[in-house]
Amino acid sequence: VRLNVAVGESTELSMVGYHRNATAQATSGGLMRIATPQDSAKAVAENEKFFIGADRANSATGGQLELTTPTDCFGWNNTIHAGVGGEAFPLKEFFTFAVVNPALSNPGIPGGDNRYRPYDLTQGGTPFLVDQEKTGTRTSAWIQDRIAFDEWIVNAGVRFDMFNLFEQEIAISPRLAASYRYNDQLVFRGSYGRIVMQAPIENILVSSSPQAQM
């Protein structure tokens, strides 16, 4: 949802709110997890190599507030954009797999790997299992000024981001751009920018779990 409100003749206040939700699920023969000996027998009987079950839900709820206003600082034509934003993103990830073909965990057979042995149901192993929930947050603030004077146009700004999931991370992103109009046919432009983006969060709980590091 976006709402723009005029504040005075040239000043505008923009408000945005949003909610996103994504889910994904995978089963082996309709079975999500192995909880009983009957489940184990079913997984071995109905799968050729592996049993896999997964259920993931990622959502995000947030908003931002931005103010755009012209000024005449230093006697020049300025347009300032300033804003703040925030987001919370609950994560829920369940993933399990097991080996159902003993050849896969037998190092004496081509392609076999004994690292599969702890998860081999045919040899007394137990399924690999991760079931975790965690909520992360992001807080942002930014300001940018567009300055026009003589034949010059300069855009300068900075953005602050703070991410918090497994640990708190802070990032500063500066931006500077300038153009000079030599004549109607020739304009010189130059810019510098540094962009910091949040790492992808898909499957991050599973990949960061102690079970995945064993």
I want to confirm something. Restricting to region 9-41 and keeping residues that are open to solvent by less than 70 Å² (accessible area, probe 1.4 Å) and free of Cβ contacts under 8 Å to residues at least 12 places away in the same chain, which single residue is nearest to Pro102 (Cα to Cα)? Ala41
May I ask you to verify whether Asp184 is over 18 Å from the mean Cα position of the chain (by Cα), loosely packed, with under 15 Cβ neighbours inside 10 Å and either under 25 Å from Pro70 (Cβ atoms) or among the acidic types (Asp, Glu) (or both)? yes
The correct count of residues that are open to solvent by 50 Å² or more (accessible area, probe 1.4 Å), within 15 Å of the chain's Cα centre (by Cα) and in contact (Cβ under 8 Å) with a residue 12 or more places away in the chain in region 155-181 is 3
I'd like to verify a number: residues in region 24-55 that are in a strand (DSSP E or B) and under 27 Å from the mean Cα position of the chain (by Cα), how many? 7
Hey, could you check region 42-95 for residues that are open to solvent by 30 Å² or more (accessible area, probe 1.4 Å) and in contact with a helix residue (DSSP H, G or I) (Cβ under 9 Å, 6 or more places away or on another chain) and say which is farthest from Thr23 (Cα to Cα)? Ile80
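Can you report the number of residues in region 86-122 which are without any contact (Cβ under 8 Å) to a residue 24 or more places away in the chain and outside any helix (DSSP H, G or I)?
Kept after step one, since they are without any contact (Cβ under 8 Å) to a residue 24 or more places away in the chain, are these residues of region 86-122: 102-103, 105-120.
In the following step, the residues that additionally are outside any helix (DSSP H, G or I) were identified as 106-113, 120.
Adding up the residues that qualify gives 9.
Just to confirm my filter: which strands (runs of 3 or more DSSP E) fall fully inside region 123-192 and include at least 2 residues that are among the β-branched types (Val, Ile, Thr) and in contact with a Lys or Arg (Cβ under 9 Å, 6 or more places away or on another chain)? Explain how you work it out, then say what you get.
On the way: elements: 128-149, 152-164, 168-183.
Where strands (runs of 3 or more DSSP E) fall fully within region 123-192 and carry at least 2 residues being among the β-branched types (Val, Ile, Thr) and in contact with a Lys or Arg (Cβ under 9 Å, 6 or more places away or on another chain), they are 152-164.
The values are calculated or read from the model by the stated rules, or taken from the named source; none is laboratory data. Bear in mind that the values here come from a model prediction, so they are computed numbers and not experimental data. Here the Cβ is made from the backbone with ideal geometry for all residues, glycine too, and neighbour counts use every protein chain on show. Remember, those area values only see protein heavy atoms, side chains included, never the ligands or the DNA or RNA. Shrake-Rupley method; radii C 1.70, N 1.55, O 1.52, S 1.80 Å.
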